1. Surrounded by fewer than 16 Cβ atoms within 10 Å (Cβ to Cβ), closer than 22 Å to A:L60 by Cβ and touching a residue at least 12 places away in the same chain (Cβ under 8 Å): is that true of B:R52 in this structure?
2. Which residues, counting only those in the stretch A:119-131, are within 18 Å of A:V200 (Cβ to Cβ) and touching a residue at least 40 places away in the same chain (Cβ under 8 Å)?
3. Which one of A:I48, A:I88 is more than 14 Å from chain B (Cβ to nearest Cβ) and closer than 29 Å to A:E179 by Cα?
4. Residues of the stretch A:158-184 being among the small types (G, A, S) and either modelled with pLDDT under 95 or touching a Leu at 6+ places or on another chain (Cβ under 8 Å) (or both), which ones?
5. Regarding A:G110, is this residue within 14 Å of chain B (Cβ to nearest Cβ), surrounded by fewer than 17 Cβ atoms within 10 Å (Cβ to Cβ) and at pLDDT below 95?
6. Out of curiosity, is A:V132 of a type outside the set (G, A, S), more than 27 Å from A:N16 (Cβ to Cβ) and either modelled with pLDDT of 95 or more or not in a loop (DSSP other than H, G, I, E, B) (or both)?
7. When you go through (1) in contact with an Asp or Glu (Cβ under 8 Å, 6 or more places away or on another chain); (2) touching a residue at least 40 places away in the same chain (Cβ under 8 Å); (3) within 14 Å of chain A (Cβ to nearest Cβ) one by one for B:V86, which number turns out not to apply?
8. So is A:F113 of a type in the set (F, W, Y) and out of contact with any Phe, Trp or Tyr (no Cβ under 7 Å at 6 or more places or on another chain) or not?
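The values are calculated or read from the model by the stated rules, or taken from the named source; none is laboratory data. Predicted model only: the values in this text are computed from it and were never measured. Glycine gets a Cβ as well: all are built from the backbone with ideal geometry, and neighbour counts include every protein chain shown.
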Amino acid sequence: MNTEIKIGVVRFPGSNCDLDTVYVLRDVLGVSADLVWHKDKLEGFGGIVLPGGFAYGDALRAGIIAAYSPVIQEVKTLAREGVPVAGICNGFQVLIEAGLLPGALLPNDGLKFICKWVNLRVEHSDTAFTNVEKKGGLWKLPIAHGEGRYFADKTILKELHENNQIVFLYVNDEGEPTEDANPNGSLESIAGICNLERNVLGLMPHPERGSEKTLSPYRTDHGKRFFQSMIEYIRKGVA
Amino acid sequence: MRDKLPQKYTVEIIIENKPAARDPEGETVMRDLVHKSGYTNIKSVRTGKILRLNLEASSEAEAKDTVIRMVNELRIYNPVAHIYRVEIKDKRGES
């Protein structure tokens, strides 16, 4: 085990992908990873993951109550210091509501909770979570959410484009972001975005559920690249 | 001068999507319930969320100010996607 790298996985009341994320980091990627209760201190971590789930039962709207957890102030400080911070699914909703990423995640277009495998296109390889992938790389990962329709006003959308912050798009098998390939009605098929400094990233799909070939109907393990990128980013920071 | 005794107020916060953010629930209600039932003169349906609060304040203005401050401070709505309004109800919770 590579003990030099330690990643914190935050657990809110209602998180349910926390243990999967810890498992993938420890057993698939071989780095050290610990669960951190949202009221506890974040100490000694080179990277942070806010996992999927239903923090506070999605009351009011997904992510908003967790955004006021004590741990979020620390996440904000670490993010400013350049520590990589990933928000997966509910974690993405928390990052948005905490103001660490711009926009909104609204109820899916079809109003249904959607649980299926999707194709993603990696739009930029210069982020803390895509640096081992090439631009245009196609990933298969599962989604599982009810509130994943990305929305932003024109000003934010323009900034996202200008600053290359749109990192993942929902695409079809040919790699094109068509309407049919957009599962939830997200604006411009946006599945994941990053901050200006490229160390904070949120996405609706679940890389931790797609990191082992045995778990994928396509025998893919693209989710591994997400975490490998994170580890690579931390390693470079350490060196 | 004596301070005014606090009064009880009921205040509602109504949150809905901005016009630019689609409301698929409202669209479904209009298309598959309202229009199919013959109410074709209804031209749009928007759904939203109501938070009804009971609070104490020295005046109606103070009650409203408190709620508006809270809505913005705690991001009760997401300013990117939602609009909100605050309505004062009387003591029985009616307009």
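1. So B:R52 fits the description; yes.
2. Filtering the stretch A:119-131 down to residues within 18 Å of A:V200 (Cβ to Cβ) leaves A:122-131.
Matches in the stretch A:119-131: A:V122, A:E123, A:H124, A:D126, A:T127, A:A128, A:F129, A:T130, A:N131.
3. Numbers: A:I48 fails: closer than 29 Å to A:E179 by Cα.
One residue alone meets the criteria, A:I88.
4. Residue satisfying the conditions is A:G175 alone.
5. Yes: the conditions hold for A:G110.
6. Values: of a type outside the set (G, A, S): yes; more than 27 Å from A:N16 (Cβ to Cβ): yes; either modelled with pLDDT of 95 or more or not in a loop (DSSP other than H, G, I, E, B) (or both): yes.
The answer is yes for A:V132.
7. (3)
8. Judged against the criteria, A:F113 is a match.
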